[in-house]
Structures are given as C-alpha cells and as structure tokens.
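Following: one structure in structure tokens, then a few remarks.
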Amino acid sequence: MQTRLHYSHDTVGGRLLFGAGSARDALSGELDRLGATRALLVADVAAPDLLQRITEPLADRIVVTLTDVRQHVPIEQAEAARAAARDHDVEAIITVGGGSATGLGKAVALTRDVPIISVPTTYAGSELTPIWGLTEARRKSTGRDERVRPKVVVYDPELLTSLPAEVATASAFNALAHCYETLWASATTPVARMYALEGIEWVTTGLRMSSGAVGDDLRRAETLLHGTYFAGTAFAITGSGLHHKICHVLGGRFGLPHAQTHTALLPHVAAFNQETLDGLDPRLAHALHASDSREGLAALYAATGAPQSLQQVGLTASQLPEAIAAVQESLPIPNPRPVTAAAVAELLTAAFDPVRNHHDH
C-alpha cells in the first residue's frame, strides 16, 4: 500500500538579489531597509579593486573592516570580531567573500543580534543557512540558530568570473555536496529534495560549461550561482549529516581546505549511501546528465579533474589513523545506512587512496 505524504516544512525566510553588478548598486539601499547606519565589513576577497568597487558607495556606513579571515573560524578570531562589533556599536554586518567570511560574520551575529547582508564570492552556500561553525582546540563545533541566517543575500555573478578555476571547481562541488547530503538527511522532505535535485542539475550544467570566450565566464558564474542558491536552500532545510560531519572533524583537526575536502570525500560517501538513493536514481541521474547516477558523478569528476582522494587535499598517511579515530569518536552519526566504527574506517581508507583501495578489492 502506498504511504501518505506526511511531513513538516518551515519556509525559508530572507531576501535574495540576483544579477550582474548588483553588489555595488544594492548595498546602500539594503542597509536603509534594515534601518542600519553603522556596519561591520568582513571581507575575504583576493582582488582589492573588486572590494573597493563594492564598498565605495558605503564609505560613510562602514565603521570597522575585518580582513583577517581564516578557515573554520577559530574561536580567538571570533572573539576579536565580536569585540570590534561591540566597540563600534555596529547595527549590521556585511560579509564579502567565501564561506569563511560568512562564517566569521555569523560568529558575530550569534552574540550580537544584528542582521547580516551577505555578498558571496564563491559557491559555498553558507549564506543561505542558519548553521554556524567555530573551531577551538582543533575541534570544530557547529549549531543552528536563526540569528545567523543572513537577512539579505546579494548574488552578483560578476564577482565570481575572476575565481581561479581550481577554487571555482572545488566550491561548486561543495554546493553539490550540500545537495547530496539533503537527499539522504534524516530531516529531508519532498520539498528539500526538489531543491537539491534542481541544484544538482544547475551545478552540473555550470561545471560542464566552457570558459574563456567573451561572456562565457559570466554565464557559467550565473549558472553555478543558481545551483548554489538551490543547494543552500535545500541544506538549510535539512542540516548536515554523515558527509559534513566527517568534513568538519577533518577540517577542525587537520586544517584541511574546506571546499576541497568536501569535493574529495563526496564520491565515497555517495557510494556508501548509494543503496538508500536507489528510489531517487532516475531523477538524480537526469540531474547529472546521465543514465546512471554513479556514472554521472564519476563523469563529472573526470571532466573537471576535481580531487577524489583525501591524500590530494593534504591528509597524510600518518594522519589517517587519527582521522579515523576522530570520526569514530563522533558516533553515532545520523544516516539512513547505519554508520559503524568499522564502516568509518573502511570509508576513510577508501577516500584516502581510492586507486589503491580499488586494486585491493
């Protein structure tokens, strides 16, 4: 007998502005809408001229600027940013940069209840979620709090055309990981899965687009940003699961690069959870432009040259036992397929060196 649909779904709030050039034109008006005159700017942008172009119209509104942004938001950095916000009596936070800049802004909003305006310059997706993360003593902790979800997100694809190809690819696969995590998360809903599958299709399309010719990079950035929006919206509904838990443990413990770690781990967690996705396979395969989802994901990695092993993103053979033990300490981890200590060891060993592991089998 077919089961009846029965679930709860909280509608995601917030305001989205999308379009080339929107960052420079929109921020002043958005501060007005929020009734804020004193803003903290958290900026992590490689190109200073880019940042100047965005912030020039806000010269009299930005009272403090923080550019020392680090991955995984060390607690010391969060405390310093919170003190700066308090000392300057800020009424809003503007973040311009990748997930680390958004993360530092969220750390401030967690203790000082002021709105965030987020201007992403990567495909991280953090700007759409109420999830924060802080690292203390090599241990990364995360939580959910609506105060940290940005009130306004400005997607300006012009800001992403200058991303180095390697960074753009890893960031886009990070968005893909948000979609996959949504498909098997214990809190998933038909609505969340709809967003996730849509996100996979947009990101796949973007990753397969050519770049270099006039207009190509902007079209690619627009396509990937649309995918990022769907991915982040899906992830905001369901929250993290096995994939993100492993990435957070490894990132906090060994300081591995965030997006690249997500990229390298994704095919292995997807393979581990494949049997739980079987019912979705036709839709997932379609989103990946393939007839089979496993083949579609493998083809996407082959086409982009994205890293598929933890060894490629900086984990060493001597660190692998500590990595396995650290993830095992985090058990139980919610997942549709039970995660045992032995499964963690097998999964991380395979993810560390897939080629060798494949030959061993």
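Values in this text are rule-based calculations from the coordinates and carry no lab data. For clarity, every value in this text was computed on a predicted model and none was experimentally measured. When we count neighbours, we look across all protein chains shown, and the Cβ atoms used for this are built from the backbone with ideal geometry, even at glycine.
Close amide-amide hydrogen proximity is noted between VAL42 and LEU66, ILE94, THR95, VAL96, each under 5 Å apart and 5 or more residues distant or on a separate chain (H modeled in the peptide plane; Pro and chain starts excluded). GNM on the chain, alpha-carbon springs under 10 angstrom: the most fluctuating residue among ASP217, ASP156, ASP145 is ASP145. Here the Gaussian network model covers the chain, with springs between Cα atoms less than 10 Å apart; of PRO130, PRO120, PRO321, PRO321 fluctuates the most.
I want to make sure I understand the PRE zone here: with the label point 7 angstrom from the Cα of THR67 toward its beta carbon, which residues in region 23-55 have backbone N atoms less than 17 Å away? Answer for region 23-55: 40-55. Within region 216-246, name every residue whose backbone N is under 18 Å away from a label modeled 7 Å from Cα of LEU280 along the Cβ vector. Hits in region 216-246 for LEU280 at 18 Å: 227-246. Peptide packing: for 182-195, 56-69, the average count of neighbouring Cβ atoms within 10 Å per residue gives the ranking 182-195, 56-69, highest mean first.
Using the Cα centre of region 165-360 as the reference point, and only Cβ charges (+1 on K/R, -1 on D/E), how large is the resulting charge dipole? Debye, rounded to the nearest 20. Mind dumping the intermediate values first?
Values: 10 positive and 17 negative charges, 44 e Å.
Here region 165-360 has a charge dipole of around 220 debye.
Toward the positive end of the charge dipole of the chain, with +1 on the Cβ of Lys and Arg and -1 on the Cβ of Asp and Glu, the farthest Cα among ALA185, THR129, SER162 is that of ALA185. Residue by residue, region 285-298 carries 3J(HN,Hα) couplings of 4, 4, 5, 8, 6, 9, 8, 9, 5, 5, 5, x, 5, 4 Hz when phi is fed to the Karplus relation 6.51 cos²θ - 1.76 cosθ + 1.60 (θ = phi - 60°); x denotes Gly or Pro.
Between SER28 and SER8, the C-beta separation translates, for a Förster distance of 41 Å, into a calculated FRET efficiency of about 0.60. The simple spin-label model puts a point 7 Å past each Cα toward its Cβ; for ARG86 and ASP113 those points are separated by 1.7 nm.
So, R0 is 51 Å and r is the distance between the beta-carbons of GLU56 and ALA341; what FRET efficiency does that work out to, to 0.05? Intermediate values should be presented prior to the final figure.
Working: r = 55 Å, r/R0 = 1.07.
Once rounded, the FRET efficiency stands at 0.40.
Percent of Cα pairs in the chain per distance bin of 20 Å, from zero to the largest separation: 31, 58, 11, 0. In this structure, the amide hydrogen of ALA124, modeled 1.01 Å from its nitrogen in the peptide plane, lies closer than 5 angstrom to those of GLY99, counting only residues at least 5 positions away or on a different chain. Sorted largest first, the principal axis extents computed over the alpha-carbon atoms of region 15-160 equal 40, 30, 27 Å. Averaging Cα coordinates gives a centre for region 40-61 and one for region 324-342; these two points are 42 Å apart.
Magnitude of the charge dipole for region 15-160, about its Cα centre and with charges confined to Cβ atoms of Lys, Arg (+1) and Asp, Glu (-1), is about 500 debye. This model, with +1 at the C-beta of Lys and Arg and -1 at the C-beta of Asp and Glu, gives the chain a dipole about its Cα centre of some 520 debye.
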